[in-house]
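Data first, discussion second: the structure below is written as structure tokens.
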Amino acid sequence: MSPMKLCVPGDKLCSTDDCRPGTGVYMRHGYIYSSLAGYVLRKNEGEELPVISVVRETETQLLPDVGAIVTCKVTSINPRFAKVHILYVGSTPLKDRFRGTIRKEDVRATEKDKVETYKSFRPGDIVLAKVVSFHLLMEQLIFWLFTLDLPAQISLGDVQSNYLLTTAENELGVVVAHSEAGAQMVPVSWCEMQCPRTHTKEFRKVARVQPEYLHA
Amino acid sequence: MPTDTKRVRGPEVSQSLSRFVCKPETTLPSDGTRTDGRSRDQVDVRPVFVRCGLVSQAKGSAYIEAGNTKLICCVYGPKETERKDETDMKCGRLFADMRFAPFSCPERGSWIQGSHEKDLSLMVLESLQPAVCLHKYPRSQIDINVMVLENNGSALAHAITCASLALADAGIEMYDLVLGCSIRQDGASYLIDPTFLEESGSCWGSGENQGSLTVSFLPSLNQISGLQSDGEMGEGTLTAGVRTCIEGCYKLYPVIQQALVKAVRGAAPPPSES
């Protein structure tokens, strides 16, 4: 096997007639240049031009993208929303924690106005959520602000720069939670979890995890 | 007023340490040659030693040595941006910080960043910003910290090179590497990659064309991303100086490329062909 070619940022790899650009490269004036220091990979797709990309072994910093399923930990709750730290994107752990918000009306799909965040999440819960958007458009923001009384603690800057998450699906919601006694709770229904030690039930918005992901 | 009993006070009569220290050369040789054997008016940059990936805690790091000038740079990020008052979140931000260690210059400095260091940090930021693909890192910030361990001339130029190497080592997408080079114009002749003495020597002639110039250059794209000049130079001299610096950058390019390649190869084996 011929040794893989290494390249540094700015190296001219080939022209756009020979290959299509993949990850870690950029196009300029009809040529493909590398944008990373790494190994050049040329993949043959079949009927189209081969895809050229530059890879490094260190995991690429994955940023939560719109529509991605993320695993996060609840840090604080508020009658309007819950603040979370995003820990995993899909199954890759993030090196730095990003912050996200789950608004009251994004907690579940039905009866959005009757949701109480205290009965859906608690600080310390691990939640599966989906990224909605990270850039609230001005019109959406103004509309959203008019639909609820603006509380003093929300600042515009705060809202705009967080990742907005939603758990409004059956498969999204709390996966791991600890009861007030400290034991890990077992889900009983879509809105309740029970502590195995004290047998008290607590309200949470529980995720319906697919059976194949549950350990026996 | 209560006496201070906790502090150890020195002797009543004391003399400054600097009277006993043998002073290094403060004057340049009078015949115009350079102290380290390089020649004037030629693109004779100091040989460089570069290594990447030294600091394990940082995402990427680089160490550069040119003559006695030693710099280390660490890159952290991309991480979530702390500033929440930005309305445009479509691209990331770069933060550059350049500091001189107190032991780096002949005169002991302080740990607190002075205005000169802030100026240099801004210059590093300005030089690197066009090279990084910031649109690929929305709402994130990348921190670059350069520390000068020993300053023997053209610290800024080497800081820019070191910072771009550290960025490449961190796996941050860039359009091209940024290389820095500086010259000192002395009348009709120039000195490339000046040492500390040559940069700040007090025995300079007072004629025309006395100044220094630092250029940061993107070799593959053939673009200049930063230019800083001090002193008074004619237009022709300045343009010639810029061209000389670009030549100096091209001389550095293969060494930098090799160092990066070595770092990538050492970091991980090549991925298997799928």
### Message
Give the average, rounded to an integer, of partner chain Cβ atoms located within 10 angstrom of each Cβ in B:165-176.
### Response
6
### Query
Name the trypsin sites (Lys or Arg not before Pro) in segment A:16-113 that are in a loop by DSSP and that have at most 16 other C-beta atoms within 10 Å, would you?
A:R80
### Query
Shielding of A:104-116 by partners, i.e. mean partner chain Cβ atoms within 10 Å per residue?
0
#### Entry: Per residue Cα convex hull volume in Å³ - calculated over segment A:1-94
160
## Note on the structure
log10 I(q)/I(0) for segment B:145-274, Debye formula on C-alpha points only (no solvent), q = 0.10, 0.18, 0.22 Å⁻¹, two decimals, reads -0.38, -0.97, -1.29
### Query
Modelled label-to-label distance, B:K90 and B:R51, 7 Å Cα→beta-carbon offset: nm?
4.3
### Query
In what sequence do A:K205, A:K130 fall when counting other Cβ within 10 Å, fewest first?
A:K130, A:K205
### Query
What 222 nm value per residue comes from the helices of chain B, counting each DSSP H run with n ≥ 4 as -39,500 (n - 2.57) and dividing by all residues, nearest 500 deg cm²/dmol?
-8000 deg cm²/dmol
### Under 17 Å from the Cα of B:K118 - lysines, other chains or at least 8 residues apart
none
## Note on the structure
The correct pair for chain B, radius of gyration to one decimal and Dmax as a whole number, both in Å and from Cα atoms, is 21.3, 81
### Query
Can you pick out the pairs among A:K104/A:K201; B:K136/B:K251; A:K104/B:K79; A:K12/B:K90 whose Cα atoms lie more than 29 Å from each other?
B:K136/B:K251
### Message
Taking 4 °C and 1.567 mPa s as the conditions, I'd like the Stokes-Einstein D for the protein assembly as shown in µm²/s, using the Kirkwood hydrodynamic radius from alpha carbon pairs.
### Response
49
### Task
Starting from the Cα of A:K43, step 7 Å along the direction of its Cβ; do the same at A:E111; then give the gap between the two resulting points in nm.
4.6
### Task
Can you check how the C-alpha radius of gyration of segment B:116-193 compares to 2.2 N^0.38 Å, as a plain ratio?
1.24
## Note on the structure
Fewest to most Cβ atoms within 10 Å: A:C72, A:C19 sort as A:C19, A:C72
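Where a number appears in this text, it was derived from the coordinates with a stated rule and is not lab data. What you see is a predicted model, and the numbers here were worked out from it, not measured in a lab. Note that we place each Cβ from the backbone using ideal geometry, even for glycine, and neighbour counts take in every protein chain shown.
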